[in-house]
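Participant: Sharing a structure here in structure tokens format.
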Amino acid sequence: MNKQSLHPLRGIITAMVTPLDENLNLDEKGLERLIEHLIGGGAHGIFILGTTGEAPNLPYDVRSALIERACKMAGSRVPVIVGITDTSYRDAIRMAIKSYECGAFAVVAAPPYYFEVGQADLLHYFKRLASESPLPLFLYNAPLNTHLWLEPATVIKAAAESNIIGYKDSGLNMGSFHAVREGVRSLPEFSLLVGPDDLLAEAVLMGAHGGMAGGSNVWPQLYVALYEAAAAHDVNRVAALQQHVVQFNDAIYRSAEHNPLRGLKSALSVLGICGTHVTPPLRPYANAEQDRVQQYLLTVDVFAAPQLSLESTYLRG
């Protein structure tokens, strides 16, 4: 795929959870319900096997099954992007090939975790990965998980490679993100996306193309509306929608302890979409936490666009 023939990927690309059954195998019925929920809610794409998808904890047979089923279920309705981050280069390429064979749009890779390596090594790694991947590559800055930081200069150099088409930043450092944005201005086809839900609006207002919001697993219409308001520079609407995001985060993520996917699966179980099963050492929410999530979801309609009243009906407790 020629980068110059692409338009940058825009909008809400849901960082999707992986529905699992009690044996931690893929829950295919839950997966189908979730994908239909996302597409019906206006999500512009689906990102599987990322941090929110528990990729590092999943065996390869489950990863492969997810790639196959997600690509088939989504079809041509929205692009599917697949995380291939791995400590094994050979397995990263193998997952890229699998993704290509199943019809995915692109792959995503963060720095391989465990060994401490410098920026020159990371640049060489991503250039090689991009040259051998049959699909275009998004870089993924996830320092809280990999303990390696993709510095802006490294991303800017990598962006010149023909098969590197975008960048997802979950580094929580908007200064670094803006440095990358300035450094790739001459590459209008290069897609800039953010990871954290609460930075989506700020990033889009400053020139990002969208975000991989985990919260859109539960309430896709909210994050699509927030993206559209920010892209239109409608700051009043952004402010009203951002209040919904703050309330959502407080209800769903409050007890997540840096693992928001537990809260997301809790909410999805309340909605009847999939279960709460997560991979060890993660554990599902306890009853009190689950009850708080359920109480919040009684106050909002996550199957519809958010109401823009500035007064919340969410009962804090």
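The values are calculated or read from the model by the stated rules, or taken from the named source; none is laboratory data. Everything quoted here is computed from the prediction, not taken from an experiment. Positions of Cβ are backbone-derived with ideal geometry, glycine not excepted, and every protein chain shown enters the neighbour counts. For the accessible areas, the whole protein counts, side chains as well, though only heavy atoms, and no ligand, DNA or RNA atoms are used. Shrake-Rupley method; radii C 1.70, N 1.55, O 1.52, S 1.80 Å.
Participant: Ignoring ligands, DNA and RNA, how do Asp250, Asp86 rank by accessible area with a 1.4 Å probe, largest first? Intermediate values should be presented prior to the final figure.
Facilitator: Details: Asp250 45, Asp86 10 Å².
Descending order: Asp250, Asp86.
Participant: Which Rg and Dmax, in Å, describe the Cα atoms of the stretch 107-156?
Facilitator: 10.3, 28
Participant: Using only the alpha-carbon atoms, how far is helix 60-74 inclined from the longest principal axis of the chain? Give it as 0 to 90 degrees, nearest 10.
Facilitator: 70 degrees
Participant: With viscosity set to 0.890 mPa s at 25 °C, what whole-number translational diffusion coefficient in µm²/s follows for the chain from Stokes-Einstein and a Kirkwood radius over Cα pairs? If you can, show how the numbers build up before the last one.
Facilitator: Working: Rh = 19.5 Å.
Rounded to a whole number, D works out at 126 µm²/s.
Participant: Check the chain for me: any Cys whose beta-carbon has no other cysteine beta-carbon within less than 4.7 Å?
Facilitator: Those would be Cys274, since no other cysteine Cβ in the chain comes under 4.7 Å of theirs.
Participant: Collect residues whose amide H, placed 1.01 Å from N in the peptide plane, falls under 5 Å from the amide H of Ser191; neighbours closer than 5 in sequence don't count.
Facilitator: Sorted by chain and number, the residues that satisfy this are Leu9, Gly166, Tyr167.
Participant: Next up: Any idea what angle helix 119-132 forms with the longest principal axis of the chain, computed on alpha-carbon atoms, 0 to 90 degrees, nearest 10?
Facilitator: Computed tilt is about 90 degrees.
Participant: While we're looking at this one, here's another question. When the solvent-accessible surface of protein heavy atoms is calculated with a 1.4 angstrom probe, in what order do Arg69, Arg90, Arg77 fall, highest first? Numbers along the way, then the final one.
Facilitator: Numbers: Arg69 65, Arg90 195, Arg77 115 Å².
Heavy-atom accessible area, descending, gives Arg90, Arg77, Arg69.
Participant: Still on this model: For the stretch 1-132, with every protein chain kept in place, what is the accessible area per residue (1.4 Å probe, Å²)? Walk me through the numbers on the way to the answer.
Facilitator: Working: 5900 Å² over 132 residues.
Counting only protein heavy atoms, the per-residue value for the stretch 1-132 is 45 Å².
Participant: Between beta-carbons, use under 14 Å as the cut-off and find the net charge around Leu123, counting Lys and Arg +1, Asp and Glu -1. Kindly include the intermediate steps, with their values, before the conclusion.
Facilitator: Details: positive: Lys127, Arg128, Lys157; negative: Asp121, Glu151, Glu161.
Taking every other residue near Leu123 into account, the sum is 0.
Participant: Now, a different point. Rounded to the nearest 20 Debye, what is the dipole magnitude of the stretch 143-229 about its Cα centre when Lys and Arg each give +1 and Asp and Glu each give -1 at the C-beta?
Facilitator: It comes to approximately 140 debye.
Participant: What ranking do 116-129, 151-164 get when scored by the average of other Cβ atoms within 10 Å per residue, highest first? Before the final figure, lay out the partial values.
Facilitator: Working: 116-129: 15.3, 151-164: 19.1.
With the highest mean Cβ count within 10 Å placed first, the list reads 151-164, 116-129.
Participant: I would also like to ask the following. Over the chain, with every protein chain in place, what whole percent of the accessible area is carbon and sulfur at 1.4 Å, could you tell me? Each step should come with its number before you reach the end.
Facilitator: Details: 7030 of 13560 Å².
C and S fraction of accessible area: 52 percent.
Participant: Here is a follow-up. To the nearest 10 degrees, how steeply does helix 28-40 sit against the main Cα axis of the chain, on a 0 to 90 scale?
Facilitator: 90 degrees
Participant: If you don't mind, there's one more thing I want to ask. Per residue, how much accessible area does the stretch 235-286 have with a 1.4 Å probe, in Å²?
Facilitator: Heavy-atom SASA per residue in the stretch 235-286 reads 44 Å².
Participant: Kindly give Rg over Rh for the stretch 39-192, based on alpha-carbon atoms, with the Kirkwood expression for the hydrodynamic radius. Numbers along the way, then the final one.
Facilitator: Numbers: Rg = 14.9 Å, Rh = 15.7 Å.
With Rg and the Kirkwood Rh in hand, the quotient comes to 0.95.
Participant: Here's something else I'd like to know. Nearest 20 debye, what's the magnitude of the dipole of the chain about its Cα centre given +1 on Lys and Arg Cβ and -1 on Asp and Glu Cβ? Walk me through the numbers on the way to the answer.
Facilitator: Details: 24 positive and 31 negative charges, 84 e Å.
Here the size comes out at about 400 debye.
Participant: Suppose accessible area is computed on protein heavy atoms with a 1.4 Å probe; arrange Asp301, Asp91 from highest to lowest. Each step should come with its number before you reach the end.
Facilitator: Details: Asp301 85, Asp91 30 Å².
Order by accessible area, largest first: Asp301, Asp91.
Participant: Next up: In sequence order, what are the phi-derived ³J(HN,Hα) couplings for the stretch 195-212 according to the Karplus relation 6.51 cos²θ - 1.76 cosθ + 1.60 with θ = phi - 60°, rounded to whole Hz, with x for glycine and proline?
Facilitator: Ordered by residue, 3J(HN,Hα) equals x, x, 4, 6, 9, 4, 4, 4, 5, 5, 4, 9, x, 5, 8, x, x, 9 Hz.
Participant: Considering amide H positions built from the backbone, and no H for Pro or chain starts, which residues 5 or more places from Leu49, or on another chain, come under 5 Å of its amide H?
Facilitator: HN-HN under 5 Å from Leu49: Gly83.
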